[in-house]
1. Measure out, as a whole number of angstrom, how far apart the alpha-carbon centroids of segment A:838-890 and segment A:41-91 sit.
2. Defining a contact as two alpha carbons under 8 Å apart and six or more residues distant in sequence, what relative contact order in percent does chain A show?
3. Say the dipole of segment A:163-426 comes from +1 at the beta carbon of Lys and Arg and -1 at that of Asp and Glu; which of A:Ala238, A:Leu321, A:Gln400 then lies farthest toward its positive end?
4. Based on DSSP, what percent of beta bridges with both residues in chain A are antiparallel, to the nearest 5?
5. Work out the FRET efficiency for A:Arg375 and B:Arg160 from their Cβ-Cβ distance, taking R0 = 51 Å, and round it to the nearest 0.05.
6. Short version: ³J(HN,Hα) in whole Hz for each residue of segment B:63-72, in order, from phi by Karplus 6.51 cos²θ - 1.76 cosθ + 1.60 (θ = phi - 60°), x for Gly and Pro, what are they?
7. When averaged across all projection directions, what area in nm² does the alpha-carbon convex hull of segment B:115-182 cover?
8. Return, for the Cα atoms of segment A:49-148, the radius of gyration and Dmax in Å, separated by a comma.
Amino acid sequence: MARTPTLELAPRIADEVRRTTCYMCACRCGIEVHLKDGRVRHIEGNRDHPVNRGVLCAKGASGVMQHNAPSRLRAPLLRTGPRGSGAMREISWDEAMDLAVGWLAPLRATAPEKLAFFTGRDQSQSLTGWWAQMFGTPNFAAHGGFCSVNMAAAGIYTLGGAFWEFGAPDWERSRLHVMFGVAEDHDSNPIKIGLGRLKARGTRVIAVNPVRTGYAAIADDWIAITPGSDGLLILALAQELLRAGRIDLDYLARWTDAGILVDGREGPTKGLYLRDAEGRPLVRDRRQGAPVPWEAAGAAPDLARGWVADGVEHRPVFRHLADRLLDPAHAPEAVAGRCGVPAARIRALAAELAAAAFDAPLSLPRPWTDFRGERHAEMVGRPVSFHAMRGIAAHANGFQTARALHVLQCLLGAVEAPGGMRFKPPCPRPAAAQPRPHGMQGPGRPLAGPPLGFPLGPEDLLVDAEGRPQRLDKAFSWEAPLAVHGIMHMVIANAHAGDPYPVDTLFFYMANMAWNSSMNTAATMGMLADRRPDGEYVIPHIICADAYSSEMVAYSDLVLPDTTYLERHDCISLLDRPISEPEAMADSIRWPVVAPERPGHAGVRPFQSVLLDLGARLGLPGMVREDGSPRYRDYADYMVNHERRPGIGPLAGWRGDGSAGGRGAPNPGQLDRYIANGGFWQAHVPDGAAFFKPWNRAWQDWATAMGLQDRPTPYPFALWVEPLRRFQLAAEGHGPRQPPAHLRDRIRRYLDPLPFWHPPPGAEEAEAAGAGAFPLHALTQRPMPMYHSWGSQNAWLRQILGQNLLFLPEELWRSEGFAAGDWAHVTSPHGTITVPVAPMAAQNAATVWTWNAIGKRAGAWALDPAAPEATGGFLLNHLIGELLPDRGDGRRWSNSDPVTGQAAWFDLRVRVTRAGPGASLAPAFPAQASPVGRGPDRVLHGSDWR
Amino acid sequence: MTALPARTEKSLGLVIDLDTCVGCQACVTSCKEWNSASGTHLPLADLDPYGASPRGSFLNRVHSFEVVPAAGPAVVVHFPRSCLHCADAPCVTVCPTGASWKRAEDGIVLVDEGACIGCGLCAWACPYGARELDGAAGVMKKCTLCVDRIGNPNLPAADRVPACVKACPTGARHFGDLADPASAVSRLVAEREGFALMPEQGTRPVNRYLPPRPRGPAGAAPLAPAAAAAPGGFLGWLDRALDRL
């Protein structure tokens, strides 16, 4: 007899469901938080939300374990022991704020640049950047410089949009999708949803990646490229397409600078666009045989022939580009060895791209009118899409590699055409329409504009008369002219060295710079704790704001404890990096779905409110009223009432009387409307404006009406990046601002206006050590269930991945006689570590890799010091110098992309040898004392409600 | 010792697409969360959760395997593993107390935690390793197909699916009645040649897996150098092509 016990099958688990925004990574999905008795019982995805449409990743679904983590800070902390020891005592908020003001106020009055304020995984950069601006320090940036600034900068300078934050594949219409070097870097759920859509249709997916895990594992084809050579592969693909005549000439002529004439005259204008008296770039009209403005109605740009004037030929951009691409160095056979990809595979991939783009017509029956006034009966698609992220970005040739990829997209006509890459509002927005970086105005004075921006030439650099950097991280200097996200990985090293000048206070928000977010971690910890002969610290003050007991907390003199993501207001703003999708302009909020309670302690406060409070106490412009009282009660007040320009505030939804989107006066009821709508606002892009946006009148008018821009701003995609050429001209001796002698060759070489490939300097250095000295490439990738250092404090996630291994290619495993359970010594030009290893077949044969940020320092994150994260988990960071070795010129270059300053994590080269029996983790560090104690010995989530 | 129903009206189960699963573990934690929080069963305990040997019970785990084919490069397959709700469930018939049971109406295999003595015979009998003994409660834990979601009128209709199915970001997990040949899941199994796991064990599992599609190059022929080989080379081709625009 079958049994039929009775069960309660219709539990009502919540008193209330509150909808807010996830912060378990940078993806910013909509979540529904189920509350029972005022506490968090369950979190799931919000089906109405434009980012995740109801799904949720492993991290998001473990949010309750993050919210309840024993590593949560509970009160402001003051260091009582040596830096790094973790010895701290809890203090009151009044004492904490008084201390902070006491350190910062004199700096602002005398030398504001002596405050370096760097934020990590900050989703409020339009606030934090504005705060730095008002304080008057140029030394501000978030973590983009060690993340993916190469992708971001190359995208903006080439296309006026970039992957992830400002662009996405047309998942619904693509017929071929190619991914370069993507792991769980960004856009976690939208990429997974998109891949699922492709798979449901049986659309072919190709992964170009040294390692076949995650997304690459489900790709229909896998190209096991050797790290750092993606640019060569892309240039070879482009050559194949050119040689076959399989390129979209009409698209190139109409929408890119392919036809724009490049000034051929010797002198200070050589290589710049040829312009008319009104500054409009000129093309040679094929019908008239004479120059006309690119933007002129009816222009027929000649991509083949130049225009000769005064005996000088001005050739179109496309001729220069074709010369570059057709160079024999870019033939498939020529690149095959370095790429680790046979020439036949490269040829076949080029053929697949061409077939997908051109052989199966796709057009949407949507008439549209371009900015020249020409009507188009339909929107013609090129259904081949790409995505790329850190695998390309984190090399010192990543900017030019990302450039090459965007040029390839243009050759195929596959940007902003149906089936290709689509921009997300506020993009399209080209570099010229972005802000410039702003430098110091002097003591007590704010910067004249935001500290970060997009330089268009040497005049926008932040350097002094001798060419020396004005910023501590040397962003926007001749060493990294287009460092549009700053260079956070150089901040501690430069502060310690007093290069270019000493600073007084390092102020970090949500950045674990004493561990996994720094290169050369052991030395970095030493710099943070280093003392002068008089016993004082070399870096006098360190403040950090964080929600959890990270390794960085122990190195801070003062800790301002933040809330969890469920206890706070936030705005994911169109002024910053919003949640828009290609079909919708959108922004969102977080709000305190539960109150931040830390019984028995001074409590925690949302960092953004603390920052505004600090700003008011310092009397920063914009943060105080005329009578000196605080301008904003807290961050929520700022989100509603701050205006960057009249009618434009942090949140675009429900402005004015509540009916306005985009522009409008502040609305006191705005946050209630967001909350009622699930925490987000969106305005759908009209169908007729949804493609060809940079040139589509309907988009330009809609974007202007919505406040994304102040006037229609059509522009050509830049196959030839003129700002780069301006830097080259300076290096060639033109203009009032020229690089110092020792940087001229570097600027001339790397700031090439056309994409090119060069070996990353780190690789050159490894190769210079002799054949076989460092034969292997070493990489990390982010595991899908973890977000940087955060995952390990999560009781569920750490059970999925509590220790990392270094995966070795099978040939190496066999040839070196490795066996299961072995450890290995891994040596780079910078140092040696000893780590546990395992074999893997599905990876490039010259590559080793591991998961990033799993290793933890003993004592941090409220973990047992014997936790596997501390005894077996490891960082490759110890092998990566923030400076490259002296190459005989007495100088040590930053281990960064020479254009953007992007941290070149993935240029790492190593050799691996088997460690003998009894090996253990090296380097090992003494345990930090935990300011929050240890976690409990069991978790029974849900037990309170049975 | 415990009887199975002679037949079930429906055969509810999962169809898991191995061509699409990226191994992200969303199904693992969303399952753990709901099935701890809902209160229908005892929480899925985590012992030593911040220590040297964290051990918790999970109803669903994802394993990643490398497969090295005879020809071609190695492939990685992500394989989510949970109860398959077998028609001839040996975990039920082996149960000495009747705690393990299969519902007659829809075939879901459940554990009556009040009757479970934690003897572990069911886990031993299950060829799929789909059951875990909870370290705190001492009772056997297994996938319930979120029996307290799928018919729960307190949830929005769209959410009346297992937590793993709702969460799965790639849409690799499908839920439905595999006894109904017209159901979406049955059609998917038919179209994609879904298979039963280890049918030789004779347990007649309900869940199905969709196999990875064949991997490898598409076999595209290289492009003919139509432009490079044209009269006047690439520039000649370009000039003529521009005339045709």
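Just so you know, all these numbers are worked out from the coordinates, no wet-lab data involved. Since the model is a prediction, treat every value here as computed from it, not as a measurement. Heads up, the Cβs are rebuilt from the backbone with ideal geometry, glycines too, and the neighbour counts pull from every protein chain shown.
1. 23 Å
2. Relative contact order comes out at 18 percent.
3. Of A:Ala238, A:Leu321, A:Gln400, it is A:Ala238.
4. About 65 percent, rounded to the nearest 5.
5. Efficiency, rounded to the nearest 0.05: 0.55.
6. With the stated coefficients, segment B:63-72 comes to 10, 10, 10, 9, 10, 10, x, 4, 10, x Hz.
7. Hull-based average projected area comes out at 7.2 nm².
8. That works out to 18.1, 52 Å for Rg and Dmax.
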